[in-house]
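Below is one structure; the comments refer to it alone.
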Amino acid sequence: AIEKKKLFTLDYHDVFLPFLSSINAHPNRKAYATRTIFLLTQFGTLKPIAIELSLPSMNPFKPSKQVITPPVDATSNWQWQLAKAHVCSNDSGAHELIQHWLRTHACMEPFIIAARRHLSVMHPIHKLLHPHMRYTMDINARARELLINADGIIESFFSTKECSMEITSLAYKNWRFDMESLPADLIRRGIAEQDPTEPHGIKLLIEDYPYANDGLLIWSAIERLVKDYVNHYYPDSNSIRSDSELNTWYYESINVGHADLRHETWWPKLSTPDDLVSILATLIWISSAKHAALNFGQYHYGGYVPVRPPYMRRLIPNEDDPEYSNFVSDPEGYFLSSLPSLKEMTSLLSVLDMLSTHSDDEEYLGDRKELSTWRGNPEIIEAFYRFSMEMKAIEKEIDRRNSDPKLRNRCGAGVSPYQLLVPFSGPGVSCRGVPNSISI
């Protein structure tokens with residue numbers, strides 16, 4: 001299976017282990033650092049085959065980790081259910097703090113601040129990025145007041161408690177802007193490998209991966225639009241080097257905005273039109289499709305708390321633990337008592353509902369409101385129209401895929417169609433729609 005690249009790992013071991021002593025010191029918070037191994041089946045679906053649960057090593061005579069495998073009897077069935085719940089608890093916290101807050105909201109902020117400081121509103125790059133910066137600073141300010149603040153929503157409803165920002169800070173040390181384009185991200189995660197013969201230059205190791213398949217359509221459309229736009233204004237490297245506003249914007253984004261990482265050698269150079277295309281396409285991808293995929297499905301995928309608990313209140317008892325007899329005599333009761341309280345579940349649902357809601361004035365990818373500012377540049381207006389038509393074609397293609405019974409990860413009995421990257425949506429909670437910017 002390893003040689004055939006059929007095994008995949010969901011690994012939260014290093015993310016959580018340094019903080020477990022602090023988390024588990026709370027009477028109503030209990031967590032492991034988890035690793036889960038999945039087998040890619042002949043049907044193209046992932047099947048969990050082992051879960052490793054690790055705790056800090058306190059007793060040299062007692063193992064600090066255990067491995068739980070799919071059940072063979074009634075007792076192991078409930079142990080497996082509890083293990084999966086702990087994995088989902090890890091995943092829920094990492095999703096909010098690392099994938100969502102850090103890798104979209106926080107990491108976009110320096111580029112937006114530097115753009116407001118150094119790019120004239122008439123500068124072509126400011127005009128291109130303007131809709132992709134809409135409301136982001138405002139929503140980030142609100143997040144610092146309500147979501148990630150001390151005793152805020154994250155600390156109240158997720159397992160990470162007061163370690164939340166420490167976990168984010170530790171993850172930031174491994175963040176790389178050059179790995180944030182969709183193809184590079186898929187390769188970094190081991191989901192794809194480079195293949196110049198494929199349409200997008202990469203080959204997916206999980207062929208039926210809805211986020212990757214739909215996302216690559218949007219990524220390629222963004223890349224084409226940005227390339228047409230950049231080549232119009234910057235025909236050669238000299239035009240890049242001579243633009244002081246552009247270079248000052250990029251310099252400050254790195255050296256002031258991302259100061260902790262400013263000396264890293266992986267930062268993309270800004271010397272050629274192709275360099276600028278890559279940088280701008282990545283920024284637009286992060287602020288639009290990537291954020292949409294991470295944010296607008298939170299109620300749909302996380303709203304049933306027993307399946308995806310934000311935290312757990314009890315560990316899985318071993319045979320020599322005092323709680324083991326209670327677990328064996330009433331495993332369902334033990335499982336339910338491990339979940340958050342009903343009151344906290346209800347409060348969390350209201351938060352997930354709010355975060356997953358599109359506003360009435362949402363502006364979606366491919367829906368430009370200010371084309372008149374390019375009145376003297378018909379080539380640019382035509383490029384935006386082509387991009388808008390591509391978004392409409394992508395919407396139809398995603399609808400087609402969601403009706404294809406061969407795609408078992410998005411079509412079938414009890415399987416939710418994958419709509420998070422459908423470009424357009426109405427207001428409210430729809431589990432679809434790709435806004436231009438990080439606006440919620």
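The values are calculated or read from the model by the stated rules, or taken from the named source; none is laboratory data. No experiment lies behind these values; they were computed from the predicted model shown. Don't worry about glycine lacking a Cβ; one is built from the backbone with ideal geometry, like all the others, and counts go over all protein chains shown.
Things worth noting here:
- For beta carbons closer than 9 Å, sequence separation of 6+ or different chains, a first residue in the stretch 286-301 that is over 16 Å from Leu97 (Cα atoms) and a second that is among the hydroxyl-bearing types (Ser, Thr, Tyr) and part of a helix (DSSP H, G or I), the qualifying pairs are Ser287/Thr104; Ser287/Thr136.
- Residue that is surrounded by the most Cβ atoms within 10 Å (Cβ to Cβ), among those in the stretch 196-219 that are β-branched (Val, Ile, Thr) and over 25 Å from Arg386 (Cβ atoms): Ile206
- All positions within the stretch 241-269 that are touching a Ser or Thr at 6+ places or on another chain (Cβ under 8 Å) and under 21 Å from Ser181 (Cα atoms): Pro268
- On the stretch given as the stretch 362-380, residues that are among the acidic types (Asp, Glu), modelled with pLDDT of 95 or more and assigned to a loop (DSSP other than H, G, I, E, B) total 2.
- Selection of helices (runs of 4 or more DSSP H) fully inside the stretch 136-176 by the criterion of at least 2 residues being within 16 Å of the chain's Cα centre (by Cα) returns 164-172.
- Scanning the stretch 302-331 for residues that are in a helix (DSSP H, G or I) and under 17 Å from Ile153 (Cα atoms) gives a single hit, Gly302.
- Looking across the stretch 396-420, the residues that are charged (D, E, K, R), assigned to a helix (DSSP H, G or I) and either buried (at least 19 other Cβ atoms within 10 Å of the Cβ) or in contact with a helix residue (DSSP H, G or I) (Cβ under 8 Å, 6 or more places away or on another chain) (or both) come down to Glu397, Arg401.
- Unique match (being part of a helix (DSSP H, G or I), within 19 Å of the chain's Cα centre (by Cα), modelled with pLDDT of 95 or more and under 24 Å from Asn28 (Cα atoms)) among Tyr299, Tyr334: Tyr299
- Enumeration of residues in the stretch 28-55 that are out of contact with any strand residue (DSSP E or B) (no Cβ under 9 Å at 6 or more places or on another chain) and either part of a strand (DSSP E or B) or more than 17 Å from Pro309 (Cα to Cα) (or both): Gln42, Phe43, Gly44, Thr45
- The test for being in contact (Cβ under 8 Å) with a residue 12 or more places away in the chain, more than 23 Å from Leu17 (Cβ to Cβ) and of a type outside the set (Asp, Glu) holds for Phe177.
- Among (1) assigned to a helix (DSSP H, G or I); (2) within 20 Å of Asn318 (Cβ to Cβ); (3) over 22 Å from the mean Cα position of the chain (by Cα), the one test that Ser22 misses: (2)
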